[in-house]
Each structure stands twice: as structure tokens, then as C-alpha cells.
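Inspection log for the structure reproduced underneath, given as C-alpha cells.
The values are calculated or read from the model by the stated rules, or taken from the named source; none is laboratory data. Keep in mind it's a predicted model, so treat the numbers as computed, not measured. Here the Cβ positions follow ideal geometry from the backbone for every residue, glycine too, while neighbour counts run over all protein chains shown.
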Amino acid sequence: MTGPVAVLITAAGRGERFGGKKETEDLGGRAVLDRAVSAFSRLTGLSSLVITAPRERKSELLTALHARTKSDLERLGDRFVVVPGGPTRRDSVRLGLEALARALAPAEAASGSVPALPEAVRDMVVLVHDGARPWLSQGLAERVAAIAGRVGACVPVTGLVETPKEISPDGLVLRHPPRAALANAQTPQGFRLGPLLEAHRRADAEGMEATDDAELWARYVGPVAWTEGERSNRKITFREDLEFRPETPVEPAAAPFRVGEGWDIHRLAPGRRLLLGGVEVPSDRGEEGYSDGDVLLHAVIDALLGSAALGDIGIHFPPGDPEWKDADSRDLARRARDLVRRAGWRPVNLDCTVVLERPKLAPHREAIRTSLAELLDLDVEAVSFKAKTMEGLGPVGEGRAVEARAVLLAVRE
């Protein structure tokens, strides 16, 4: 998946066929809604997440979220909101899309015009998912988002198992459609945010109802692509659906530790400082970069974020953003460390390597270890630093660049 993504979880239904409040039902020690939301809460590039809920159940649904899921969503700040739904699913999705627009572009959304939204927001992918589908995988969400980003709209589907028939209310079979030409639609369904919001506004004005968003997109915008869904991605409709258990009940997220890997390379240029792990090393050339160019800290930041599946340095501190022009990479490392801690993970050791032809780094090894330990809240004994050369090979060996690699182990808080 590439680019930022927004997520809309619909949980405003009344659960009449289920006979109760299915989103808060216990499912293996976690609420149905929590399992549905957690598949999205660590998506790379997640920009905003909105949950639609009955007005009187907002607090109840928030309480149903696991502490780890809430921690993942807290990093979104005011771009994580729960909003009241409407009387129909279509109404709820429209209200949720309006909330996403306000969260992502408050000033422009106030105009009420979709074209007034920034292009980046209009073209952003939004994933719309049923809060009663707790068994989806993060991989499915990423695949749908990637296809929607390329073509505009994507729906996951599964083939029919039984032979379909078109029937009439008076007890007759009208048609025998070929099974191979039909499929069951699932969520999450992915769309470009601006066109989907406009389609919902038009449907609301015309009183057009639909049971999923792909139908509205096809009516008002254009073709919808499909991708293979997952048999385990079932929707809880009736109470007996709670008895279903997917074939892979052990969640990868339940592992007690994670490993993150980081790598970076920078050109060397005269007149720049050579910074490694927050330590300035005397040299006639230093790293080029939008920030201060500390190649080692950039690799460490990627390892940090990778350990908690939070994306990479470019997502959180994008080059070209004036806020990060000439930024101190030590500050960026502290921010990344705090993001990882809020996501429920704590760094426990770091192993890193700098590949540089000259100057020699051995005299600076302990200062670099001490600096890295302070930035990550680690004991110095938990930080390993190595220096290598490329024996004259490639841009690093020719003295035109410096490379850094980092591997970090994090444990669940």
C-alpha cells in the first residue's frame, strides 16, 4: 500500500437480526468492534479513522476498544473521532465521510464543497468497513487500498459456494444465473474520498438507497475493481455467527516482541557537518539532507517505527514539509521513540552499523553509543555500534556517500 489512507468503520446499526448489540459482544476476550478496528489501527500511512455509532452508545463503543487499540489511535489526535450515525447505512457512511473531510481539512470542509478540499484529501483512499466484520486481515485492507489508489474503487469478493437462483415473492424461480459470474461482496471497500463523498451527497439528495458503497460509486462515478476476499472475513449478522473461528486464531500482533530494521544512505558534500547518532564527527564533508542529514539516526528511526509497524521516517517527517527543514534528527528520534511507546512497544536493544570510508570512527564509538542510548532510553550496554568500510567499492567506497543500518528489538509494554 502506498500513500495516506483514511478509514471509516460503520457501527451505527441496531442489530435487529442479531438480537442485541453485536459490536460489544465478547469474541475470545476482545469485543467484536475492537477486533475490526485493530486491523486498521496500525496501517502504514493511516491518516484518520472515524467510527459511526448510535448517539447513545458512543461511550460504550469507546470503552469496548482494547487499551492497545486506543494507544494506536491516540497518535491520530483529533483525526480519530466517533460520530453519530444515521437511520440507514447509507446515511451513516455519508455522515462518516463528512467527518473525515472535516478532520483532514477543517477549513475547506466548512465550505461544504468537495472541489474545495485539497487535492491530496480528495484523492486520498478511504476504506469503508463494517464494524461487525472482526476477522479481516491487515493484508486484505492493504491490498484493497493499493488497488483503489490506482483505479479509484475496489471491492473484495468471494465466489459463491452454492448455486444461485433468482426468485419471485410468489414462490417461483425466475432465473438460473451462472454461479461463476457472481460473487459475494465484503468490506473493507476502498475508494477515493472526494468522489465517494460526492456520490453519497447525490444519493442523499435523490433518496437513492444502496446496501454497499460500490453500488453508489458505480451509479455516480464509474467502474469498480475487485480483488479476492477472504473466506474468514465473515460478517456477524446472527448470534450463531459468534461461534465461527478462523483457521488462524493466533494473531501476529500478540507476539511479545518485534524486530525493526532500518537502512539509509546519504551523499557527502563539503560544507556540511558529519553527524552520526547525534554526535558530530570532525570531517571535511558531511551528509546532504533535508534535515540535518544524520544518516545513522535516520536508519535508527526507521528501525524504531518498523518495530511497531508504524511506517517509515518519510511518513511522519516528510521531506519538503517546512516543519522538518534542517530539523535536528535527535528531536526526530525522540518523537519516533514516543510514537512507538504510545503504540505499546518499548525498545530493549539496538545493533547498528555505519559504512564510511573516512574518517575513522573508532575514536567516536563510545560517544555515539552513549548518545543513542540516551535518545532511546536504553542502557549503553544495550547499544551496539560498528564501523565498516567498502574497501573502495561503490559510492561509499569512493568517499561520495555514507550508509547506515540498524536493527532494533522492542517488547510489548
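Table: residues versus (1) in the same structural domain as Val396 (by TED's automatic domain parsing); (2) part of a helix (DSSP H, G or I); (3) under 18 Å from Gly311 (Cα atoms).
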| residue | (1), (2), (3) |
| --- | --- |
| Arg330 | yes, yes, no |
| Ala333 | yes, yes, yes |
| Ala336 | yes, yes, yes |
| Arg341 | yes, yes, yes |
| Asn349 | yes, no, no |
| Thr353 | yes, no, no |
| Glu357 | yes, no, no |
| His364 | yes, yes, no |
| Ala373 | yes, yes, no |
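With a requirement of 3 or more residues that are of a type in the set (Gly, Ala, Ser) and surrounded by 18 or more Cβ atoms within 10 Å (Cβ to Cβ), the helices (runs of 4 or more DSSP H) lying completely within the range 31-122 that satisfy it span 32-41, 89-104.
Just for the range 55-76: of the residues that are among the small types (Gly, Ala, Ser) and in contact with a helix residue (DSSP H, G or I) (Cβ under 6 Å, 6 or more places away or on another chain), which one is modelled with the lowest pLDDT? The extreme case among them is Ser71. Considering the range 277-329, and only residues there that are modelled with pLDDT under 95, within 23 Å of Val383 (Cβ to Cβ) and of a type in the set (Ser, Thr, Tyr), the residue that is surrounded by the fewest Cβ atoms within 10 Å (Cβ to Cβ) turns out to be Ser291.
Could you tell me how many of the residues in the range 354-372 are hydrophobic (A, V, I, L, M, F, W, C) and farther than 18 Å from Ala333 by Cβ? Step through it out loud before you land on a result.
Start the filter on the range 354-372 by keeping residues that are hydrophobic (A, V, I, L, M, F, W, C), which leaves 354-356, 361-362, 367-368, 372.
Imposing the further condition that a residue be farther than 18 Å from Ala333 by Cβ reduces the set to 355-356, 361-362.
Total satisfying the criteria: 4.
Of all residues in the range 125-155, those being within 18 Å of Val93 (Cα to Cα), part of a loop (DSSP other than H, G, I, E, B) and modelled with pLDDT under 95 number 3.
Could you say whether any residue in the range 158-173 is assigned by TED's automatic domain parsing to the domain that holds Ser41, in contact (Cβ under 8 Å) with a residue 60 or more places away in the chain, in contact with a helix residue (DSSP H, G or I) (Cβ under 8 Å, 6 or more places away or on another chain) and surrounded by 15 or more Cβ atoms within 10 Å (Cβ to Cβ)?
No: zero hits.
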